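Reviewing the structure listed below.
None of the figures in this text is laboratory data; all of them are computed from the coordinates on show. Model, not experiment: these values are computed from the prediction. Please note: Cβ atoms are built from the backbone with ideal geometry, for glycine as well, and neighbour counts cover all protein chains shown.
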Amino acid sequence: MQIDPVFFNAGRWGLGYDPAVGEWSEEHVQPMLDMIGGVLPDRGPLRPVMYTNASSDDPANLPSHIRAECPELPRPLFSTPVGAHNGDSRNNGATKAKAFCCAFDKWLSALPQWHPYFAVIDSNECHHLSVPLSAWALRPTPPDRARIVVNFDAHADIQTGVPVTRPLRCDNWGLYVLRPIGDVYPQAAADTYVGIGNNTGSPTPWGDSFAFARWGTLTKTPLGPGDMATQLDAVITLLDRQQQWSGYDLYISVDRDIESSSFTDYGDGRYTPNDVWARVADFIRAAQARGVRCVGFDICGLPTVNGRSRISDDWSEEQRIDRALEDIVAFTEAIDRLPEAAPPPFPQDRLVSSG
């Protein structure tokens with residue numbers, strides 16, 4: 001399956017970035033763009049969507065016409081900037097959900113697009129970018145097809161008791177795909193949110209997966225131990241209890257803190273990279289075998305200047321970045337093996353020509 005790669009620089013990082021100075025410029029990020037683009041052959045240049053200027057009072061650097069179309073957009077966009085060295089890891093990147101999703105929905109609609117997006121998000125403190133990304137990917141799904149968001153992550157990233165009027169953050173974004181967000185998303189973006197790989201201390205590897213459906217009171221449904229095909233079947237069973245569907249559309253997000261030696265702002269997880277690559281590929285194969293269409297994918301949590309690892313803190317910056325590039329290659333290879341979606345995952349009038 002062909003994809004369109006896009007890049008979000010949400011945090012304060014990059015080759016040569018000095019957190020003590022607290023300044024960001026394109027020269028710090030362009031080398032990383034080149035490196036990521038270098039492992040994505042035959043897809044053209046990696047298109048940057050968002051730049052963050054750590055020394056600016058307008059961290060999103062949003063185009064003026066988008067800011068004008070989103071009058072509720074705060075300035076700065078993030079209440080607390082993205083980046084672990086800010087000292088507030090709980091609230092870093094917090095923002096107003098309606099304004100945030102409005103801005104990025106309009107931005108995504110202005111981008112040239114030929115295929116589903118493969119998005120790379122630098123910091124997992126901005127994992128909530130998966131809300132507008134998944135909403136954009138799943139919006140064309142007709143009402144008779146179920147919409148599934150799957151998050152491979154060391155954390156649940158959902159707080160069921162938080163109203164969507166509260167700040168949107170990396171640790172609660174799962175709720176926001178299951179609930180309307182004002183007039184930006186008058187309908188929920190997804191029918192179910194699935195968490196796989198959470199570090200809950202389960203003695204059974206990959207045995208702590210769960211799903212929440214959007215109907216009624218949000219209730220956590222354990223998916224039980226088993227392989228990825230078994231867990232996907234449990235998700236489909238949960239959906240089929242609500243109605244009969246003509247098919248299923250899938251958006252996948254991977255937070256690199258699920259795996260060891262990832263050096264993200266939230267450290268790293270219990271599973272080896274090879275294990276994570278295999279599980280994500282297994283899930284994609286299981287989806288294909290069941291006729292589930294993959295309509296979008298993102299990976300977040302590149303190594304940051306303050307990234308931590310339980311394996312070793314002695315790795316050089318180049319080694320940490322190489323580790324992340326290996327992830328990107330592994331996940332794109334799994335997607336590459338998919339046939340082109342039939343019917344296409346979005347109408348032809350969504351395909352925008354750059355010329």
Item to check | Restricting segment 64-162 to trypsin sites (Lys or Arg not before Pro) in coil, as DSSP defines it, with at most 15 other Cβ within 10 Å | outcome: ARG90
Checklist entry - Which residues' amide hydrogens lie under 5 Å from the amide hydrogen of GLY247, considering only partners 5 or more residues apart or on another chain, with H built in the peptide plane? => result ALA146
Item to check | Counted charge near GLY201, where neighbours are those whose Cβ lies closer than 14 Å (Asp, Glu -1; Lys, Arg +1) | outcome: 0
Checklist entry - If amide H atoms are built 1.01 Å from N in the plane of the peptide, which residues on other chains or at least 5 residues away come under 5 Å of the amide H of SER262? => result GLY269
Checklist entry - Along segment 212-219, what does the Karplus equation 6.51 cos²θ - 1.76 cosθ + 1.60 (θ = phi - 60°) give for ³J(HN,Hα), rounded to whole Hz, x for Gly and Pro? => result 10, 9, 7, 7, x, 6, 5, 10
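Quick check on segment 151-277: what are the equivalent-ellipsoid semi-axes from the Cα gyration tensor, as sqrt(5λ), descending, whole Å?
Details: eigenvalues 120, 75, 30 Å².
Those come to 24, 19, 12 Å.
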Item to check | Summed residue charge, Cβ within 15 Å of LEU239's Cβ, Lys/Arg positive, Asp/Glu negative | outcome: +1
Checklist entry - What is the local net charge at ILE181, summed over the other residues whose Cβ is closer than 11 Å to its Cβ (Lys, Arg +1; Asp, Glu -1)? => result +1
Checklist entry - So, in Å, what gap is there between the alpha-carbon centers of segment 172-249 and segment 277-329? => result 21 Å
